[in-house]
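To start, the structure itself, in structure tokens.
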Amino acid sequence: MTTSFNFSMGTLTQRADRIDNLLERDAEQVSPLGYDETFRTNLKTKVTAFRQMPSDNYWLGQQTLKTDAKNKAYAQVKELLSTLRFRCKYALGEQSVEYKAIRFNKLKDVKAADLINLANHICTTCREMLDKLASRNITEETLTEIEAAVTVLDDAIDEQQTLISTREAKTVERERAANEIYRSITEICEAGKDIWEGANEAYYNDYVIYGSKDTIEEDEPVEDAATEQ
């Protein structure tokens, strides 16, 4: 879903505030058309609720935190497996069938999701030959530590994916609310233009300006990253 207008969310709420002023100023003319105090109050409620919605910058920040947590968990598993690989190589011999069966060669450039399966395979295989690995102090505790790190990585991947889905859903929700506000603004502006065309050029222009779907000179600069609400 995308917005029906070509300016920022911050500008949208500022225009809504200006439309509210116009509804108050022109109450006598617009109320008979249904844009009365009840309509005005409902629009203000929608704008207030919209302002309270976390912006996409917020959700992007949360996604970044989850991605960082996943990357750290990934690095931890890789580090533990690399240490295990070194110890297994000298316990079993790099050319031995047992060492090759562990499949350490798959570690290079493995993706996070695939690392989980590979780590589980490595731990299962090593567990079956702990007697041969004992010379390099590879124990059940060693494998349990790796498996615990794998669990952390698995959870971190799930949390990252959940946050990505949440961000997408919240973006659609926010854009839907923004479009609803914009539709109200354009509807009011069309009514205002009909009322004031040929009667009051200045008032007419107010509705022309704020009904535009594009950025205009009258729009005050809004820093989306800081004030986009």
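What follows is calculated from the coordinates using simple rules that are stated; it is not laboratory data. Note that the structure is predicted; figures quoted are calculated from it, not measured. Here the Cβ is made from the backbone with ideal geometry for all residues, glycine too, and neighbour counts use every protein chain on show.
The packing ranking of peptides 199-206, 9-16, highest mean first, is 9-16, 199-206, where packing means the average number of other beta carbon atoms within 10 angstrom of each residue. Here VAL97, VAL47, VAL77 are placed in order of increasing Cβ neighbour count within 10 Å, fewest first, which gives VAL97, VAL47, VAL77.
Helix 37-52 and the longest principal axis of the Cα set of the chain meet at an angle near 20°. Using the Karplus relation 6.51 cos²θ - 1.76 cosθ + 1.60 with θ = phi - 60°, the per-residue 3J(HN,Hα) values for region 155-169 come to 5, 5, 5, 4, 5, 5, 5, 4, 5, 4, 5, 5, 4, 4, 5 Hz, with x marking Gly and Pro.
In this Cβ point-charge picture (+1 for Lys and Arg, -1 for Asp and Glu), region 59-162 has a dipole of about 480 debye about its Cα centre. Helix 201-210 and the longest principal axis of the Cα set of the chain meet at an angle near 10°. Per residue, the chain reaches -25000 deg cm²/dmol at 222 nm when only DSSP H runs of four or more residues are counted, each adding -39500 (n - 2.57). Across region 86-92, computed HN-Hα scalar couplings (Karplus, 6.51 cos²θ - 1.76 cosθ + 1.60, θ = phi - 60°) run 4, 6, 5, 4, 8, 7, 10 Hz from first to last residue, x flagging Gly and Pro.
When the listed pairs LYS78/LYS111; LYS193/LYS213; LYS72/LYS170 are checked against a 19 Å cut-off, the alpha-carbon distance exceeds it for LYS72/LYS170. The HN-Hα couplings worked out from phi for region 178-183 by the Karplus form 6.51 cos²θ - 1.76 cosθ + 1.60 (θ = phi - 60°) are 5, 5, 5, 5, 5, 4 Hz, whole numbers, x standing for Gly and Pro. Dipole check for the chain: with +1 at the C-beta of Lys and Arg, -1 at the C-beta of Asp and Glu, and the Cα centre as origin, the magnitude is about 1860 Debye.
Build a GNM of the chain with springs between Cα atoms under 10 Å apart, and of ASP20, ASP109, ASP155 the one that fluctuates most is ASP109.
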